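Quick note: the coordinates plus some simple rules give every number you see, no bench work behind them. Everything quoted here is computed from the prediction, not taken from an experiment. Cβ coordinates were reconstructed from backbone atoms using ideal geometry, including for glycine residues, and neighbour counts include every protein chain displayed.
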Amino acid sequence: MENLNLVLPEIFISLSIMFLLVLGVFKKNSSKITFNLSLFAILITAIITINETFSVSRETLFNESVVIDSMSSLMKIITLIGGFLVLVISSSYLKTFKIYNIEYPILILSSILGMMVMISSNDLIVFYMGLELQSLALYILATYNRDQLKSSEAGLKYFVLSALSSGLLLYGCSLVYGFSGSTNFNIISNQLNSNEYVLTFGIVFILVGLAFKISAVPFHMWAPDVYEGSPTTVTLFFTMVPKIAALTVFIRFLYVPFLNLIDQWQMIIIFLSIASMVFGAVAAIGQTNIKRLIAYSSIGHIGYTLSGLATASNEGIQSSIIYISIYVVMNLALFSCLLMLRRKEQYYEDIEDLSGLSKNHPLLSLCLLVILFSLAGIPPLAGFFAKFYVFKAVLEQSMFFLAIVGLLSTVVAAFYYLRIIKIIYFDKEKDKYDTDHSLWLKFSLTVSTILILLYFIFPSQLIEVVSRINII
Amino acid sequence: MNFPILSSLILLPTVGALFLFFSKDKEGNNSTAKYVALFTTIVNFLISIYLWISFDQSTSNFQFVEDRTWIEGFINYKVGVDGISILFIILTTFITPLCVISVNNSVKNRLRDFLIAILIMESFMIGVFCAIDLVVFYLFFEAGLIPMFLIIGIWGGPKRVYSAFKFFLYTLLGSVLMLVAIISIYWISGTTDVIQLYELGVDAKYQNLLWLAFFSSFAVKTPMWPVHTWLPDAHVEAPTAGSVLLAAILLKMAGYGFIRFSLGLFPVASEVFTPLIYTLSVIAIIFTSFIALMQEDMKKLIAYSSVAHMGFVTLGIFTLQQQGIEGSIIQMISHGLVSAALFLCVGVVYDRMHSRMINSYGGIVTIIPKYSILFMLFTLAALGLPGTSGFIGEFLILMGAFKDNFLVAVIASLGVILGAAYMLWLYKRVVFGKLVNEDLKKMFDLNRSEYLILSCLAVPTLFFGFYPDPLINTIEVSVTDLINMHNTNIASK
């Protein structure tokens, strides 16, 4: 008998989704209760995950198609926390647009379920199931503000391009299956050690598909449009949670089934990484919309995360995970600020709208200052340490070129972050924004900013948690 | 473990800044903020004086060392001082209260925020000079960019945005390569602790590249020709207190870095690249002196003179002679005092007339005589007149240079003449001559706080000019040991 306790989080969250659906359909005006119950469900799932799986070093289930290890538990917890925070700060935004409906929390829950399945997958089919579950939920989320043209456009674009990438991914999977005769990652890993030409194609297709999902250059085209068009809270969700899941799968693919083929994929990852870092930095300079800018900046940050993966060492993987965790916190803080730019039921999202913010809203501007300098990677803020660990791992493998290109692109990236700071602090002020924000929004901004600001006092804790992840 | 005196030096200004942040003043009245800032910086100065008194001058070992695990098995938070760094710490704690006093006259809006920025800046600057772990050093070195960027950008002149960006990006670009080098050192030697690295040495075959990476950062910060162009812009646009901090302390970080890291860690590479440094230094001395001659703007002129003076400093450091290095350190201290004073002098007339152009002044000696005397003193100190601290530094540097390379020394000596030319000409045009403008008659002489600041700077300038022993005694053993270590390293390679 399998030890079902290990997949209890997934089971619980599926049951919650079904229950909430039924509740939402049969009870009128149940948006508020659905919201609260789904928050509760995420919280309980997180507790179960910590209780049941956190101490497990490595266990497999269902014919080795699901794996529970320290990486999967950690990533699931980050996913759940991210989902929780997104949900909790969404409500006032959704109410403004009159889209405070039961579907929103349920869709978020289902995409989280899909991500949890992805994170734990150790089999091509399980992986694909999880991927599609989360993608389908995300398509709808992107179009969630359906009365707005931009939102519908974003959803459609995302759907078409994501379907294309899923197709590529499936084709790659079928090629790999053809060569190895199995869908199980461990068996694939044992079978694949030849230098077959066609096999390389399979790997490339899979990597392209995954690169689409994490929006690495040159497969990033969908990101700016989708990020701009989707409702802001959904954009926040996009920039944080699916990236974590996709990154985990990326790690899993590279270091379990394709471990013996490092020579084939290492160059690809280095290329993706360099292209993303450079392109993300350069393309963000000309943006005027904050959400588009965040899209390009997130492309750049994915580049740094990938350079950790390119090292083919445990250190590198750990540094990537640290990077993405810190990035999630910074992103949360940034979006909390963005959600505070509200004046009379209208949200503002152009960079120019930040002009002279420091005169009327000194505290909010100070938070933005900290967040932006951290995103630019200036010490002693958390963003610096994230980059520091990555480059430490990269330089350990003597990959000087990657490190130097990466660090130089941080200088370029610093330029556009500085531009925002300039607009906030040096430019003329505009009208005041509303200050009656929900308590949760203030809470998430305060906590995340303090985490960013004071990370340097206790840097060891995060490293300690992550250092239990040893994939290779 | 004794009382963590260095950490308290670093932390105290930040605590003061936090206090300011939470304190509330009535609209338009900032006296509480000013007094809190002043009190914090003066206490910090007193602590640093105590540090100097209890400092043991007979050893070159690091003293008051604090060593705490920071990132398990990787970086330790390690601070300490030796004869070289202690003077810079005192310079920092001495200049900052003067900056705080000077804001009375020059900063009009958001004074509280300005003081917070200055205090945070002080923390970072002290941290740079205390750190004896490369990563800790880098952290403080880079972190200083944030407050300085804001000081220039928020409180600066009309072209402040351009200058702030230029300052930030130039410095950052130089520094990221240093970060690569620091991490590489960790992988090569297994530690980033400077004391251990001094003992172990860095593998000679990597030294050249690592040296260049550090050089890229320090050269921008010094600034050396041809990457000096950010400095005049930053100086001109920064508010007076910002210019003072920039000239007096920020530039010294690089000179200090050259001595502590470039010489200390990479002796072989330092020998290899000495010709490069000599060339750039000589160009800086001669070329920027000529540029300074041509300036119309007083702040720009002083900024270019800073570049020339720092040229002397880098020249002195890489003579690798006792006199040269001691001279460089004294020159840096002296330049810290004198350039700060000169920027304040410009600030004084700027606050009254709102012009920095030389041709809008002239003949002010009869209107504001006290000012003219003090300005004279600092002008003479800047050109290195015997009896001022500027002389001791330049003289020792040239002595060291003559020992090492005759030609370079001769050319550099020409720079001294040029220095005299542009400083005296500036003084003549501003202070003497005919009264060019009727408005100038409305100028009033130094008020109490300006008088206090400038005299505070004048006293050490003259004192160390006549009696440099306290400085030389403090640095002597450390410099001797540094050179001995350098020579043994070279001999063993």
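Where residues in the stretch B:187-214 are in contact (Cβ under 8 Å) with a residue 12 or more places away in the chain and more than 27 Å from the chain's Cα centre (by Cα), which of them is surrounded by the most Cβ atoms within 10 Å (Cβ to Cβ)?
Ranking the candidates gives B:Val202 first.
Here A:Leu462 clears all of (1) under 20 Å from the mean Cα position of the chain (by Cα); (2) of a type outside the set (Gly, Ala, Ser); (3) away from chain B (no Cβ under 12 Å) except the condition numbered (3). Within the stretch B:258-267, is there a residue that is farther than 26 Å from B:Leu150 by Cβ and within 12 Å of another protein chain (Cβ to nearest Cβ)? No.
Only one entry in B:Ala308, B:Ala284 is crowded, with 24+ Cβ neighbours inside 10 Å, in contact with a Gly (Cβ under 8 Å, 6 or more places away or on another chain) and closer than 22 Å to B:Met178 by Cβ, namely B:Ala284.
Filtered by the rule that a residue be within 19 Å of B:Trp425 (Cα to Cα) and in contact (Cβ under 8 Å) with a residue 60 or more places away in the chain, the stretch B:351-365 gives B:Arg356, B:Met357, B:Ile358, B:Asn359, B:Ser360, B:Tyr361, B:Gly362, B:Gly363, B:Ile364, B:Val365.
Put simply, of A:Met277, A:Met267 the only residue that is of a type in the set (A, V, I, L, M), in a helix (DSSP H, G or I) and free of Cβ contacts under 8 Å to residues at least 40 places away in the same chain is A:Met267.
Per the conditions (1) part of a helix (DSSP H, G or I); (2) surrounded by fewer than 24 Cβ atoms within 10 Å (Cβ to Cβ); (3) within 13 Å of chain B (Cβ to nearest Cβ), the sole criterion not satisfied by A:Glu352 is (3). When we screen A:Ala414, A:Ala333 for residues that are part of a helix (DSSP H, G or I), within 27 Å of B:Gly127 (Cβ to Cβ) and away from chain B (no Cβ under 13 Å), the only hit is A:Ala333. In the stretch B:141-159, the residue that is surrounded by the most Cβ atoms within 10 Å (Cβ to Cβ) out of those that are part of a helix (DSSP H, G or I) and more than 7 Å from every other protein chain (Cβ to nearest Cβ) is B:Ile152. Among all positions in the stretch B:112-128, there is no residue which is of a type in the set (Lys, Arg), over 15 Å from the mean Cα position of the chain (by Cα), assigned to a loop (DSSP other than H, G, I, E, B) and within 12 Å of chain A (Cβ to nearest Cβ). None of A:Phe373, A:Phe400, A:Phe456, A:Phe391 is under 25 Å from B:Phe124 (Cβ atoms), surrounded by fewer than 20 Cβ atoms within 10 Å (Cβ to Cβ) and within 13 Å of chain B (Cβ to nearest Cβ) except A:Phe456. From the list B:Ala238, B:Ala247, the one residue that fits, being surrounded by 24 or more Cβ atoms within 10 Å (Cβ to Cβ) and away from chain A (no Cβ under 14 Å), is B:Ala247.
The residue of the stretch A:46-104 that is nearest to A:Val466 (Cα to Cα), among those that are part of a loop (DSSP other than H, G, I, E, B) and β-branched (Val, Ile, Thr), is A:Val56. The number of residues in the stretch A:417-453 that are under 21 Å from A:Ile324 (Cβ atoms) and within 11 Å of chain B (Cβ to nearest Cβ) comes to 1. Being in contact with a helix residue (DSSP H, G or I) (Cβ under 6 Å, 6 or more places away or on another chain), in a helix (DSSP H, G or I) and among the small types (Gly, Ala, Ser) is the requirement here; does B:Gly400 meet it? Spelling it out, B:Gly400 is indeed in contact with a helix residue (DSSP H, G or I) (Cβ under 6 Å, 6 or more places away or on another chain), in a helix (DSSP H, G or I) and among the small types (Gly, Ala, Ser).
Only residues that are in a helix (DSSP H, G or I) and crowded, with 17+ Cβ neighbours inside 10 Å were counted across the stretch A:421-439, and they come to 5. A single entry from B:Thr488, B:Thr474 fulfils the requirement of being farther than 25 Å from B:Glu296 by Cβ, within 21 Å of the chain's Cα centre (by Cα) and among the β-branched types (Val, Ile, Thr): B:Thr474.
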